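What follows is a single structure, written as structure tokens, with notes after it.
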Amino acid sequence: MLKRKAALAAIPIVIFLLGWEALSRGSLLNPYLFPPPTTILMELGNLFMKGMPAQSALLMHVGMTLWRVLLSVVLGIVAGVIVGVAMGLNRAVYSFFDPLITVLMPIPGIALAPLFIVWMGFGNQTIVSLGVLSAFFPVVYTTVAGVRSVDPQLVRAAQMMGSRPIGVVLNVYLPWAATYVFNGVKLGLARCWMTIIAVEFVAASNWGMGYMIWNAAENLRADVVYGGILLLIVIYFILEKALINRLESRTIARWGMIRQA
């Protein structure tokens, strides 16, 4: 059943790509602006082979972007959960952080890039810092919502059994809020992914998917631009489905508190 659904979903994509290939090969579409999909895949292959066997240019770009994204997401999650739990449990902490988060959260990371470049210069410091901010805000808000949704009876039961405050947080609040936190993680990953790629356009010095796409655009290499965009789609899909979703299901199954946010 699942295979049939996947096949049906793939049919429109295949028809679109075949139509694109035919129109581009027949010059009904400008092949410089809309290169055939086969040409795009061949150019990706060339980038992959360039520098082999020691270093693949394509793998270097992908690896650098993934390192920046994963580091940013991990730091953003840790900070977001800590601040979110504190905000959910303490009104004073909530009153202090909420106005700051409300003001800063709507600002796109790329809009802050010039300011961070002035502060930190070009390179990983600026890119990762903006990625951390992008991942931080959604995790904070969903963690606060999860902590505030905890059944008070569970808290009282844990306290009556002699659990210390840190034990209550680790054994009651966090397991209960797990699905909320992972909703924030998914949003944070998406925001961080977009921010890292966009900031790489202007702040990366030599490596990164955003740098590769921007450099190709400056050199009028539409085939590399399309190939880079295709890779962004595929890599993000793998990150969310193969990494985040599996981590979510295993964490919730282990902690044993399944709640729908």
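Could you give me the residue pairs with C-beta distances under 6 Å whose first residue belongs to segment 140-154 and is of a type in the set (D, E, K, R), whose second residue is surrounded by 15 or more Cβ atoms within 10 Å (Cβ to Cβ) wherever it lies, and which are 6+ apart or on separate chains? Final answer for the pair search is R148/G88. Every listed requirement among (1) in a helix (DSSP H, G or I); (2) at pLDDT below 85 is met by S163 save one, (1).
The residues listed here are V62, V73, V83, V103; of these, the one that is modelled with pLDDT of 90 or more, under 17 Å from the mean Cα position of the chain (by Cα) and within 29 Å of A145 (Cβ to Cβ) is V73. Which of the following residues is closer than 24 Å to V155 by Cβ, surrounded by 17 or more Cβ atoms within 10 Å (Cβ to Cβ) and out of contact with any Asp or Glu (no Cβ under 7 Å at 6 or more places or on another chain): V78, V85, V73? Going through V78, V85, V73 in turn, just one is closer than 24 Å to V155 by Cβ, surrounded by 17 or more Cβ atoms within 10 Å (Cβ to Cβ) and out of contact with any Asp or Glu (no Cβ under 7 Å at 6 or more places or on another chain): V85.
Of all residues in segment 108-123, those that are in contact with a Leu (Cβ under 9 Å, 6 or more places away or on another chain) and at pLDDT 90 or above total 3. Mind checking whether some residue in segment 68-82 is closer than 27 Å to L232 by Cα and among the charged types (D, E, K, R)? Checked segment 68-82: at least one residue is closer than 27 Å to L232 by Cα and among the charged types (D, E, K, R).
For the residues A135, A145, A157, the requirement of being in contact with a helix residue (DSSP H, G or I) (Cβ under 9 Å, 6 or more places away or on another chain) and farther than 19 Å from M105 by Cα singles out A157. F48 meets each of the listed conditions (1) closer than 30 Å to L18 by Cβ; (2) of a type in the set (F, W, Y); (3) in contact (Cβ under 8 Å) with a residue 60 or more places away in the chain apart from (3). Across segment 112-128, the qualifying residues are those that are over 19 Å from the mean Cα position of the chain (by Cα) and in a helix (DSSP H, G or I), and the one among them that is surrounded by the fewest Cβ atoms within 10 Å (Cβ to Cβ) is V118. In segment 1-110, which helices (runs of 4 or more DSSP H) lie fully inside it and hold 3 or more residues that are closer than 21 Å to S129 by Cβ? Filter on segment 1-110 gives 57-89, 91-104.
Would you check which residues across segment 14-41 are hydrophobic (A, V, I, L, M, F, W, C), under 21 Å from V224 (Cβ atoms) and free of Cβ contacts under 8 Å to residues at least 60 places away in the same chain and list them? Residues satisfying the conditions are F16, L17, W20, L23, L29. Restricting attention to segment 203-229, report how many residues are touching a residue at least 24 places away in the same chain (Cβ under 8 Å), farther than 27 Å from L29 by Cα and more than 19 Å from the chain's Cα centre (by Cα). Summing the residues that are touching a residue at least 24 places away in the same chain (Cβ under 8 Å), farther than 27 Å from L29 by Cα and more than 19 Å from the chain's Cα centre (by Cα) in segment 203-229 gives 1.
Mind listing whichever residues of segment 195-223 are over 18 Å from T39 (Cβ atoms) and in a loop (DSSP other than H, G, I, E, B)? Matches in segment 195-223: A204, S205, N206, W207, G208. So, V172, is that one modelled with pLDDT of 90 or more, touching a helix residue (DSSP H, G or I) at 6+ places or on another chain (Cβ under 8 Å) and assigned to a helix (DSSP H, G or I) or not? So V172 does not fit the description; no. Among all residues of segment 115-122, there is none that is of a type in the set (G, A, S) and in contact (Cβ under 8 Å) with a residue 40 or more places away in the chain. Within segment 9-20, the set of residues being under 31 Å from the mean Cα position of the chain (by Cα) and at pLDDT 75 or above comprises A10, I11, P12, I13, V14, I15, F16, L17, L18, W20.
The values are calculated or read from the model by the stated rules, or taken from the named source; none is laboratory data. Nothing here was measured: the structure is a model prediction, and the numbers come from that model. Here Cβ is always computed from backbone atoms with ideal geometry, including for glycine, and neighbour counts include all displayed protein chains.
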